[in-house]
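First the structure, in the form of structure tokens, and then the observations on it.
The values are calculated or read from the model by the stated rules, or taken from the named source; none is laboratory data. Predicted model, so just to flag it, every value in this text is computed and none were measured. Don't worry about glycine lacking a Cβ; one is built from the backbone with ideal geometry, like all the others, and counts go over all protein chains shown.
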Amino acid sequence: MAELKQQDVIRRIRPRNIILPIVIGLIIVAWLVSRELSKESSYELSFNSRSLLFIGIAICCMIFRDLGYMIRIRILTENDLTWRKAFRVIMLWEFTSAISPSTIGGTAVAVVFIHKEGLNVGRASSVVLITSFLDELYFVIMFPALFFLMSGEKLFMQDTMMAGRPWYFNELFLIAMVGYSIKLIWVLLVGYGMFFNPWGLSNLIIRVFKLRLLKRWKDAAEKAGDDIVKSSLQFRQKSFVFWLKASLATFLSWSARYWVANAILVAFFSVKGHFLLFARQLIMWIMMLISPTPGGSGIAEIIFSRYLADFIPLEQQHIPGAALAIALIWRAISYYPYLIAGAIIAPGWVNRNFLSKKRGEKVIKKESD
């Protein structure tokens, strides 16, 4: 994972890659708009001082989300990354996730980001792996907890759809279960390897990827196995306080993100059931795990406008149009800023860490000749 070729890293984080998710998102939005307008269900949101206040609160939630990420990566690196470096790594990481399919994300090149900020490759790999583990552990714990507290009917039975059918036949529930199963398997495997038997898990991964159908990924599997062993050696002896701080930072980060939609909806409507709305956002994120589009572009807007429509207190014919408008504001706050930040940071970072060094090596070689 950390041995990606330099040209591959540069290719993955090119700012021009923001075009694809934007185009996909616009196409899906245009389709949704045309569909809703054909039903005469359009709705114009009313902006006033209250709406601006709560939109500002939504933006603050995203800032807390990134702050939680920065705090956590500094904890995991034992403050070897400065606040500026932590900010740069998180923005590049989020940028890569935003321009990659949700099934891939930005983890593959996150090792390179951290390595280029001063950590050796092995330690950078360990930090990325444990970060991924903590993220998925949050979902693995929260999903069944919310399911137990609220029941499947509240979480998956909307007033605007599935009338006369039980909630467990809802396609959104089936999608969520597929996404949750993937996360659960990942957490169990990595947790077992990290804290109990790293060498056994590493050998198992290598054996599996020796199969003919998976042989093309054998080298990557061997590297993943090595990362698990190295991570285990580095993190198994950490204190309870270390893990508590890292877990709390993870909780802060993800929970702050899921209050964004609450703030946006309150900006325009009187909303009831805020904790249920929070729970549905978490489940919606699990659904987006299997999205094939960059950053869930298009898919996120569809799921959001359908799954959270129940919280909009309007007449039935106006709900789809209002839900789509809210979905666009939500994406404008929670997704597109990372495209902009990456487009600003990535060129200078690539030039400093790859291109300028390459030019320097050519100059030295020329002078030696």
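All of Ser231, Ser291, Ser247 fail the test of being under 23 Å from the mean Cα position of the chain (by Cα) and modelled with pLDDT of 85 or more, apart from Ser247. Just a yes or no: is a residue in region 207-220 buried (at least 18 other Cβ atoms within 10 Å of the Cβ), in a helix (DSSP H, G or I) and at negative phi? No: zero hits. Tallying residues that are in a loop (DSSP other than H, G, I, E, B), under 18 Å from Ala145 (Cα atoms) and either in contact with a Leu (Cβ under 6 Å, 6 or more places away or on another chain) or in contact (Cβ under 8 Å) with a residue 40 or more places away in the chain (or both) within region 248-289 yields 1.
With respect to the conditions (1) more than 18 Å from Arg72 (Cβ to Cβ); (2) in contact with a Lys or Arg (Cβ under 9 Å, 6 or more places away or on another chain); (3) not aliphatic (A, V, I, L, M), Gln234 lacks only one, and its number is (1). So which residues in region 183-235 are touching a residue at least 12 places away in the same chain (Cβ under 8 Å) and of a type in the set (Ser, Thr, Tyr), if there are any at all? Across region 183-235, the qualifying residues are Ser202, Ser231, Ser232. Screening region 297-369 for helices (runs of 4 or more DSSP H) wholly inside it with 2 or more residues that are at pLDDT below 80 returns the ranges 299-307, 319-334, 356-368.
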